[in-house]
């Protein structure tokens, strides 16, 4: 009886080992050459200069906005920060409001009949009447202020980090944030902002690059390489970095400039 039980046990063990050695379910299968995963390359766009306009070479441009048929500009630096209405064709300042000496002006955005202007480290945004530049109120925020734009529903604000905050345009209360990133990680130093046809455009501070951002996901969808725009545009002498993006919705015109640049350019994008 013991011999029979032992035979049955040995037979069962042999069967188990046979199937274990011939079972392919746990083995790694070689990759299929036709089954590859590709990572989309983020496109890099170049530009073509369409028109060139004069620009105040003393304007430390922090914000740029086009509304109706008018160019508005916000400038920075303590004691020199302003809000301006500018004649595009001549570069003349048609109207100006000076901020207090203690304020360092940053990005601007047109919201209805008002203009909102950020400050860098003062934690306050000024609200002005768009026509008269009369101050109507202020908003507070706990971060630095860099760039600001409007998507038709919310204000979108940058603070130098990889995060963009979406805010109620009436109360300035933050509703949510998106984390801006590309295939290499976070994208920081997001400066002047412009919302164009469903995409956020942002100057990347200390570079001549404009980053294109999906507002829903924070993913970078493209880069605009303007690294040689000063040379191509005939700007000579020392100037500061590129900063300032404005979009004429009705005319489909894209304007760019920089801090203390003597020229402002209308450009169109050129593919990779």
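The values are calculated or read from the model by the stated rules, or taken from the named source; none is laboratory data. From a predicted model like this one, the values you see are computed outputs, not experimental measurements. Every residue, glycine among them, receives a Cβ derived from its backbone with ideal geometry; neighbour counts consider all protein chains shown.
If only residues of the range 257-269 that are more than 11 Å from residue 52 (Cβ to Cβ) and within 19 Å of the chain's Cα centre (by Cα) are counted, the one that is surrounded by the most Cβ atoms within 10 Å (Cβ to Cβ) is 258.
So that you can scan it fast, the table gives a plain yes or no per residue for (1) within 24 Å of the chain's Cα centre (by Cα); (2) over 25 Å from residue 145 (Cβ atoms); (3) at pLDDT 50 or above:
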site	(1), (2), (3)
7	no, yes, no
25	no, yes, no
58	no, no, yes
71	yes, no, yes
82	yes, no, yes
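Picking from residues in the range 228-237 that are over 20 Å from residue 271 (Cα atoms) and without any contact (Cβ under 8 Å) to a residue 24 or more places away in the chain, the one that is nearest to the chain's Cα centre (by Cα) is 231.
Residues that are touching a strand residue (DSSP E or B) at 6+ places or on another chain (Cβ under 6 Å), part of a loop (DSSP other than H, G, I, E, B) and under 20 Å from residue 204 (Cα atoms) within the range 133-160 comprise 145, 146, 147, 151, listed in sequence order.
With a requirement of 2 or more residues that are free of Cβ contacts under 8 Å to residues at least 60 places away in the same chain and within 18 Å of residue 224 (Cα to Cα), the strands (runs of 3 or more DSSP E) lying completely within the range 161-203 that satisfy it span 190-196.
Residue-wise test of (1) more than 11 Å from the chain's Cα centre (by Cα); (2) closer than 23 Å to residue 84 by Cα.
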| position | (1), (2) |
| --- | --- |
| 181 | no, no |
| 193 | no, yes |
| 203 | no, yes |
| 211 | no, no |
| 217 | yes, no |
| 226 | yes, no |
| 239 | yes, yes |
| 246 | yes, yes |
| 251 | yes, yes |
